Amino acid sequence: MTNFQELGLSKQLVDALSALGYDTPTPIQEKSIPQLLQGRDMVGLAQTGTGKTAAFGLPLIEMLSKDQKRPDNRTTRALILAPTRELVNQIAVSLKSYIRNTPLKINAVVGGASINKQQQQLEKGLRKISKMVPAKRQTLLFSATMPKAIADLASDFLKDPVQVSVTPPGKAADKVEQFVHFVNGKNDKTDLLKKSLTENPDGRAMVFLRTK
């Protein structure tokens, strides 16, 4: 059985993972970490909850830790983009737990502006950001799904990326049960939601409303 040290991570980072209770890499981590430590660009596809954050975060931390050169003031050595505030915070919490007792610093930045303006900016793509980062860089794209629009985006900004996939595109995690309810309109949706929440008082729920 593979362990994190065999994947090429330093003892310090492996010890930090062990303290958190992580001893055995998940499939996406096992396939990704060695390739990323070699500096390869990557497209990684795996279900939610399979360890994608550590798959790209651990080799990132490893390489930054080995670079002994002090970074210039007001500079950023790595940029991670995520589509929601919740995911940004989740990634930051995970990575901060891996870098304890190291000089590395992680800052989370989320938007507070009008969602309409942000939507308009996102519809124009990420090309503005790509022009602001160095041409010589390592670029990774990790996702639970890979629609054609995202695949096209990857082909524009990644250089000869290695493809790593441990689950079919669009397949839900095995521990997730899915149900579909057909309703006539907005009011019926609200009534169905109320009924579902009432019938499951001990459960937890997350409700998505359009862009919110």
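The values are calculated or read from the model by the stated rules, or taken from the named source; none is laboratory data. Treat the numbers as computed from the prediction; the structure is a model and nothing was measured. Methodologically, a virtual Cβ is constructed for each residue, glycine included, from the backbone with ideal geometry; neighbour enumeration extends over all protein chains shown. Keep in mind that these areas ignore ligands, DNA and RNA; they rest on the heavy atoms of the full protein, side chains included. Shrake-Rupley method; radii C 1.70, N 1.55, O 1.52, S 1.80 Å.
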### Matching residues in the range 138-165 - criterion: being at pLDDT 85 or above, surrounded by 14 or more Cβ atoms within 10 Å (Cβ to Cβ) and part of a loop (DSSP other than H, G, I, E, B)
Gln138, Thr139, Leu158, Pro161
### Task
Go over the candidates Val93, Val43, Val88, Val14 one by one and state the one that is touching a strand residue (DSSP E or B) at 6+ places or on another chain (Cβ under 8 Å), among the aliphatic types (A, V, I, L, M) and surrounded by 12 or more Cβ atoms within 10 Å (Cβ to Cβ).
Val43
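Would you confirm, using the coordinates I've provided, whether Ala78 is within 17 Å of Pro134 (Cα to Cα) and open to solvent by less than 60 Å² (accessible area, probe 1.4 Å)?
Numbers: within 17 Å of Pro134 (Cα to Cα): yes; open to solvent by less than 60 Å² (accessible area, probe 1.4 Å): yes.
Against the criterion (within 17 Å of Pro134 (Cα to Cα) and open to solvent by less than 60 Å² (accessible area, probe 1.4 Å)), Ala78 qualifies.
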